[in-house]
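The values are calculated or read from the model by the stated rules, or taken from the named source; none is laboratory data. On a predicted model such as this, the values are computed, not experimentally measured, just so you know. No Cβ is skipped: glycine too gets one built from the backbone with ideal geometry, and neighbour counts run over all protein chains shown. Just so you know, the surface numbers come from the protein's heavy atoms only, side chains and all, with ligands and any DNA or RNA stripped out. Shrake-Rupley method; radii C 1.70, N 1.55, O 1.52, S 1.80 Å.
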Amino acid sequence: MEDIRKAAVVIIGGGVTGLSAGWWLARDGIDVVVVEKGTLGAEASGRNGGGCSHHHSPLFREEQRLWPMMDELLGYPTEFRPNRVRLARSDEQMVLYGRALTNAAAQGFRSEVLDAKQAQELVPLAGEGIVGGYYYAFGGHANPHRTLQGYAWAMQDHGGTLLQNCAVTGFRRAGGRVVAVETERGAIACDHVVIAAGPHTGRLAALLGADIPLAVARAEMIVTEALPLMPLGGVDGNGLYGRQTLRGNLAYGGGPHEWLDLPHEGAPPKPSTPLAGNIARRVAELLPKAAHARVIRSWAGVIENTPDGRPIIDRLPEPDNVIVATLSSVGFGLSPASGRAIRDLVVDRACSFADLSTFRLDRFAALEPDWRERLGWLSAEAFAHRQGSAV
Amino acid sequence: MTEVRPDPKSVAGKAVPPAETADLVVIGAGPAGLAAAIEAARAGLGVILVDEHPVGIEVMGDEVPLHFGQAMTGAVRNRNAMMEAVLAAAPEIEAAVEAGVDVRLGTAAWGLYANGPGLAWLPGTLVGVAADGVAHLIGARRVIVAAGRRDMGLAFPGWDLPGVVGATAAVTLARRYQALAPRRVVWLGSTSEALAAALDLKAAGVEIAALVECAAAPVGAPDLVAALAAGGTEILAGHAVRRAEGADRVASVTVVPVDAAGADAGPARSIACDGVVLAVAAVPVVDLLDAAGCRIGFDPARGGHVPVVDGDQRTSIADIHAVGDCAGLWPAKARDPEIARAEGRRAARAVVASLGGAAGPEAAPTDGPGQPEVDPSAYRTAWVAASVVHAARDCTVCQCEEVTAREILEVRPPRYLDAAHDARNDRSLASLLGEGPPDPDQVKRLTRAGMGPCQGRRCREQVAALLAIGGAVPLDRIRLASHRAPVRPLSLAVLGSLPEHPDQAAHWDSWFGMKGQWRPFWEVPPQFRVGDDADGPQVSE
Ligand SMILES: Cc1cc2nc3c(=O)[nH]c(=O)nc-3n(C[C@H](O)[C@H](O)[C@H](O)COP(=O)(O)OP(=O)(O)OC[C@H]3O[C@@H](n4cnc5c(N)ncnc54)[C@H](O)[C@@H]3O)c2cc1C
């Protein structure tokens, strides 16, 4: 660390967004340093469902184009597998899941409607209680840990640097620009900064006077022991997201989340809760022939969310050499494309392959100041506090 | 002020009251847990005491909660007989029942949850338990964890043969179940904890053919070594095990003299036996405590990773106490159960006082751990160097996921990915961190070591020692790999038997349930205000 005194681009945050951006920049021979306060993937990037099917996003086409090539491009396995099945256990679910089809079709992606019998044929662990489902000939899933590590190693192969256990503490500014990023272990002079710090993106941007509306929540997942592989691992539905891993484990999440206040110091704690039981029940309903499978872990992750649930990938108006990138709860799947978009914004000032206008920060220019209250996205403590002060 | 309603998709207001409540839940019916439960019940508290023993044969086969190594006799199939054996082995259980404790045997505690940073919606501190195929939550005003110890695994070729068993598991099978199969064993490890357990097993009628210690001399109390030797046990210091052999169970073990680095230093010899007992390290069972978020630290005088406790055995979470072996292990404590009992009573008195009750009289204070007889970091690492690294790097360390020592040290992707031929996948431990010691959670996710159904019980300490060796740092600098509920494997059906709040059932679909999140980007208006987004159909990812 003591040797690294400057870099063309300093990226704050070693999650999928920061590491993918770092890899895209390093591939172009750009001198990049990713600074991570914990170990890579310490936050949501190391704790998510691995889904890659974001048909609503302007990055969707690029997400779909890149994923099948990622193992090759990175040189490390991501465990990506294409396509998905969603199973419905009620007519309401059938209607809800069907809305994805229109989004995808408008962008040229095929889907099929499955009746109960077809659904069960496609998903050997499914059983009674399925009313139907959809086969999406797009999307898919990958292993978050392997993907993260693949970005990191590939970035290092191209000469990029990853600093772990090193928190960014501030910025040095001169002439309307950030000239150095301050870390726990010294300052790094830079030409460009990317803030991709997940839940902490708002706090860091605030140090530069930018207002990034962001709230954070905890969400949970469970995993079972390995079972024989189904022909297609990307099976979810019944209110759950998840997959069968290539090892055979069933990894699923869903259900209610808890809104949190970000602690002032350190990483947010990520305890899991008895919701694991409610997730387990839904997995057993979705895949009744797996009801005997033993759950061996549960975990939780802290998720960054903007008020409209869409990413912010934008250059700050001031200082002019700072890009903010926060993915609003769908960042894993989009990461191959989001990293490329960030690379484009840094190097070319505009994205070459997608229209990112819905990711602009100024869409929140007229946002109500009390948006968190209006949405009810408050922690239990904040609610208690409000009630206390209302009396 | 705007009227604020909680996000209907959030946990707010969705806590389910626990199925039952108690003033105090004690987890573990060993000496410490029983003493605590009895003390608290006598002071008038409503106490539930759970213990997972007797566990069924399938659970034993999973190596849960101990490394049973298929060393049990067929007697464990008879659940009633095992229940009687467990009761007969601990007369204090009857005393607890008489004192009014609600004793539940065959009941595993798989989760411990407390509100705290990052978690505020639970209806209080909860203990997740399972018995007879049903899981439920007990609301507890206080919890005393007395979860005991288990054994560090040690890999060498053949350590997966039936009959290679942990010391705690062997003593438990012999003493609590009357169902230990091996009659003549070779014993690995010579700390005082190990020696006391060996003598216990010998008293139960098992022949200890030889005691193998990789250090130049036994490390535990000389009187215990002498007692074993006097009983006919051959003391083989400066030795390590190279392999266990046998057709379908252990029939012999090959040992060899080793030098200080653990390399062969003389001719190997074979010892006939029908069991190999792994007693290199007795490890405090901190899984529930760690999963609950209690602070855990590495304390060489207390047997490695243990909860940080105050004078009343209170952990960093005020409602939760830890007593007995799970709160720390040292030679005197292994030899005298009174120390564990005293911890249990001390914690119980603090619980009674904190709930406004009248606690019994102060007991005489007991001795703390004092100086450790060996540095557990160096001792455990030396065993792993002598056994795992020198016996064969290609021997399997994680039996569930079939991961070898070499694959861990080289951070190889698991074999099912068939990526081993790819030269670029050959990344050393050093490439993971560059600075700072290797992170066991990171290595576990990449290699899958410790990710199987035994939940890492047989490999987590070995993997940590391998990372210490690979990263050239002392073992105590390797972080504790995280524990997560359920800390006992539970089927989807059993875990899924936990009830759900009726208001929650309607809110599963569609991730955070934001109205506009899944609207296609070409339909998104240029400006966003909460007030503009109130209507419209719910779309789904
Ligand atoms: C349970 C769960 C399931 C999910 N399922 C999916 C899914 O199926 N598909 C999908 O696409 N998405 C999913 N997500 C969301 C996805 O994981 C996130 O959107 C994504 O990982 C965000 O990545 P990121 O790199 O932007 O942020 P993060 O992963 O949060 O990374 C930010 C990093 O910045 C670091 N950092 C913060 N402050 C500092 C500082 N001051 N200095 C240095 N470093 C700092 C943090 O330690 C962290 O590692 C899920 C999330 C969770 C929790």
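A Cβ distance below 7 Å, combined with a sequence gap of six or more or placement on separate chains, defines the contacts here; from region A:364-378, residues that are within 15 Å of A:TRP259 (Cβ to Cβ) reach residues that are aromatic (Phe, Trp, Tyr) and open to solvent by less than 50 Å² (accessible area, probe 1.4 Å) in the pairs A:TRP377/A:TRP259; A:LEU378/A:TRP259. Tell me which residues, restricted to region A:138-194, are part of a loop (DSSP other than H, G, I, E, B) and within 14 Å of the ligand (Cβ to nearest atom). If the condition is that a residue be part of a loop (DSSP other than H, G, I, E, B) and within 14 Å of the ligand (Cβ to nearest atom), then A:ALA142, A:ASN143, A:GLN164, A:ASN165, A:CYS166, A:ALA167, A:GLU184, A:ARG185 are the ones that fit. Of the residues in region A:284-301, at least one is within 12 Å of the ligand (Cβ to nearest atom), under 30 Å from A:VAL324 (Cβ atoms) and open to solvent by less than 20 Å² (accessible area, probe 1.4 Å). Can you tell me which residue within region B:306-331, out of those that are under 21 Å from B:ALA481 (Cα atoms), part of a loop (DSSP other than H, G, I, E, B) and not β-branched (Val, Ile, Thr), is most open to solvent (accessible area, probe 1.4 Å)? Result: B:SER316. Apart from one condition, A:ILE12 fits all of (1) in the same structural domain as A:VAL193 (by the TED database); (2) closer than 19 Å to A:ASP157 by Cα; the exception is (2).
Looking at region A:197-205, can you tell me whether even one residue there is part of a strand (DSSP E or B) and not assigned by the TED database to the domain that holds A:TRP259?
no
Scan region B:340-382 for residues that are in contact with a strand residue (DSSP E or B) (Cβ under 7 Å, 6 or more places away or on another chain) and under 27 Å from B:GLY238 (Cβ atoms) and the total you get is 1. Restricting attention to region A:11-49 and to residues that are within 14 Å of chain B (Cβ to nearest Cβ) and acidic (Asp, Glu), the residue that is nearest to A:LEU204 (Cα to Cα) turns out to be A:GLU36. A search for C-beta distances below 6 Å between a residue of region B:1-24 that is touching a residue at least 24 places away in the same chain (Cβ under 8 Å) and any residue that is of a type in the set (Lys, Arg), counting only pairs 6+ apart in sequence or on different chains, returns B:ASP23/B:ARG141; B:LEU24/B:ARG142. No other residue among B:PRO31, B:PRO8, B:PRO18, B:PRO54 is within 14 Å of another protein chain (Cβ to nearest Cβ) and at pLDDT 95 or above apart from B:PRO18. Residue by residue through region B:1-32, note down the ones that are open to solvent by 30 Å² or more (accessible area, probe 1.4 Å) and of a type in the set (Ser, Thr, Tyr). If the condition is that a residue be open to solvent by 30 Å² or more (accessible area, probe 1.4 Å) and of a type in the set (Ser, Thr, Tyr), then B:THR2, B:THR21 are the ones that fit.
Can you confirm whether B:ALA279 is under 23 Å from B:ASP200 (Cβ atoms) and within 31 Å of the chain's Cα centre (by Cα)? It is true that B:ALA279 is under 23 Å from B:ASP200 (Cβ atoms) and within 31 Å of the chain's Cα centre (by Cα). Among the conditions (1) within 13 Å of the ligand (Cβ to nearest atom); (2) in a strand (DSSP E or B); (3) in contact with an Asp or Glu (Cβ under 7 Å, 6 or more places away or on another chain); (4) assigned by the TED database to the domain that holds A:PHE332, the only one that A:GLY242 does not satisfy is (4). Could you tell me whether B:ARG519 is of a type in the set (Lys, Arg), closer than 30 Å to B:TYR113 by Cα and within 8 Å of chain A (Cβ to nearest Cβ)? Answer is no for this residue. B:LEU137 falls short on exactly one of the conditions (1) touching an Asp or Glu at 6+ places or on another chain (Cβ under 7 Å); (2) assigned to a strand (DSSP E or B), and that condition is (1). Taking region A:329-365 as the range and being of a type in the set (Ser, Thr, Tyr) and modelled with pLDDT under 95 as the test, only A:SER329 passes. Determine whether B:GLY61 is surrounded by fewer than 16 Cβ atoms within 10 Å (Cβ to Cβ) and free of Cβ contacts under 8 Å to residues at least 40 places away in the same chain. Yes, satisfied. Does region A:219-238 contain at least one residue that is within 17 Å of A:ALA325 (Cα to Cα) and more than 10 Å from the ligand (Cβ to nearest atom)? No, that holds for no residue.
Any residue at all in region A:21-32 that's at pLDDT 95 or above, under 30 Å from B:GLY118 (Cβ atoms) and assigned by the TED database to the domain that holds A:SER328? Full working, then the answer.
Going residue by residue through region A:21-32, those that are at pLDDT 95 or above are A:21-32.
This time we only want the ones that are under 30 Å from B:GLY118 (Cβ atoms), so: A:21-22.
In the following step, the residues that additionally are assigned by the TED database to the domain that holds A:SER328 were identified as A:21-22.
Yes, region A:21-32 contains at least one residue that is at pLDDT 95 or above, under 30 Å from B:GLY118 (Cβ atoms) and assigned by the TED database to the domain that holds A:SER328.
Just checking, does region B:139-149 include any residue being surrounded by fewer than 24 Cβ atoms within 10 Å (Cβ to Cβ) and within 14 Å of another protein chain (Cβ to nearest Cβ)? Looking for residues that are surrounded by fewer than 24 Cβ atoms within 10 Å (Cβ to Cβ) and within 14 Å of another protein chain (Cβ to nearest Cβ), one finds at least one in region B:139-149, hence yes. Among the criteria (1) in contact with a strand residue (DSSP E or B) (Cβ under 9 Å, 6 or more places away or on another chain); (2) within 13 Å of chain B (Cβ to nearest Cβ); (3) in contact (Cβ under 8 Å) with a residue 60 or more places away in the chain; (4) surrounded by fewer than 19 Cβ atoms within 10 Å (Cβ to Cβ), the one A:ASP355 does not fulfil is (1). Out of A:LEU246, A:LEU250, A:LEU260, I need the residue that is within 12 Å of chain B (Cβ to nearest Cβ), buried (at least 24 other Cβ atoms within 10 Å of the Cβ) and within 27 Å of A:ARG86 (Cβ to Cβ). Which one? Matching residue, one of A:LEU246, A:LEU250, A:LEU260: A:LEU250.
Against the list (1) open to solvent by less than 30 Å² (accessible area, probe 1.4 Å); (2) more than 8 Å from chain B (Cβ to nearest Cβ), the condition A:VAL330 fails is (2).
Among the residues of region A:82-90, some residue qualifies, meaning at least one is under 25 Å from A:VAL113 (Cβ atoms), of a type in the set (Lys, Arg) and more than 10 Å from every other protein chain (Cβ to nearest Cβ). With a requirement of 1 or more residues that are more than 24 Å from A:TYR151 (Cβ to Cβ) and small (Gly, Ala, Ser), the helices (runs of 4 or more DSSP H) lying completely within region A:274-391 that satisfy it span A:275-286, A:380-390. Scanning region A:311-327 for residues that are more than 7 Å from the ligand (Cβ to nearest atom) and within 14 Å of chain B (Cβ to nearest Cβ), we see that the one that is surrounded by the fewest Cβ atoms within 10 Å (Cβ to Cβ) is A:ASP314.
Is there a residue in region B:70-86 that is hydrophobic (A, V, I, L, M, F, W, C), open to solvent by 10 Å² or more (accessible area, probe 1.4 Å) and in contact with an Asp or Glu (Cβ under 8 Å, 6 or more places away or on another chain)? There is no residue in region B:70-86 that is hydrophobic (A, V, I, L, M, F, W, C), open to solvent by 10 Å² or more (accessible area, probe 1.4 Å) and in contact with an Asp or Glu (Cβ under 8 Å, 6 or more places away or on another chain).
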